[in-house]
Amino acid sequence: MGTREAAICRELTKLHEQISRATLNELARDADTLETRGEFVLVIAPPAADADMLTSDALDDLLRAQLAAHSVKDAVAHAVALSGRARREVYARALALAKDLRGGDGED
């Protein structure tokens with residue numbers, strides 16, 4: 001998930017509420033020092049606007065490779081996780097590529 005900001009919140013709205021804010025890597029590194037009793041919530045910030053995003057050509061290459069071995073659904077899930085692009089955008093592109101690759105409607 002990169003270097004996103006995050007917070008580990010313990011016992012929210014209670015007397016002993018604790019909130020630790022840092023990057024995901026820093027929180028993970030220090031997790032073994034946290035109090036383990038109580039209820040926890042992990043809040044992760046969205047990726048930065050300037051986060052690395054695959055180019056359109058790279059996304060198409062990734063989708064073609066995934067579509068050769070997987071369903072549209074699985075190919076889209078993988079591409080969304082790696083590309084930093086919106087699922088709706090990736091799904092639309094996958095359908096168009098699947099139609100071209102398979103000569104059909106592209107839906108599985």
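All conditions in (1) acidic (Asp, Glu); (2) under 30 Å from residue 90 (Cβ atoms); (3) more than 18 Å from the chain's Cα centre (by Cα) hold for residue 5, with the sole exception of (3). Contact map, the range 10-27: residues that are closer than 17 Å to residue 44 by Cα paired with residues that are open to solvent by less than 80 Å² (accessible area, probe 1.4 Å) and assigned to a loop (DSSP other than H, G, I, E, B), Cβ distance under 7 Å, separation 6+ or inter-chain. Pairs shown: 10/35; 10/38; 18/11; 23/4; 24/4.
Residues in the range 3-52 that are surrounded by 13 or more Cβ atoms within 10 Å (Cβ to Cβ), aliphatic (A, V, I, L, M) and part of a helix (DSSP H, G or I): 24, 27. Within the range 80-96, residues that are at pLDDT below 95 reach partners that are of a type in the set (Lys, Arg) and part of a helix (DSSP H, G or I) with beta carbons closer than 6 Å, at six or more positions or on different chains, in the pairs 80/87. Looking at the structure I just gave you, is residue 64 outside any strand (DSSP E or B), basic (Lys, Arg) and loosely packed, with under 14 Cβ neighbours inside 10 Å? When the stated conditions are applied, residue 64 does not pass them. Checking each residue in the range 67-84 for being among the aliphatic types (A, V, I, L, M), within 17 Å of residue 101 (Cβ to Cβ) and surrounded by 13 or more Cβ atoms within 10 Å (Cβ to Cβ) picks out 67, 72, 75, 76, 79.
One line per residue, one yes/no per condition, for (1) at pLDDT 90 or above; (2) farther than 26 Å from residue 79 by Cβ:
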residue	(1), (2)
1	no, no
9	yes, yes
14	yes, yes
31	no, yes
50	no, no
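The values are calculated or read from the model by the stated rules, or taken from the named source; none is laboratory data. Source: prediction; values computed, not measured. Here Cβ is always computed from backbone atoms with ideal geometry, including for glycine, and neighbour counts include all displayed protein chains. The accessibility values were calculated without ligands, DNA or RNA, using every heavy atom of the protein model including side chains. Shrake-Rupley method; radii C 1.70, N 1.55, O 1.52, S 1.80 Å.
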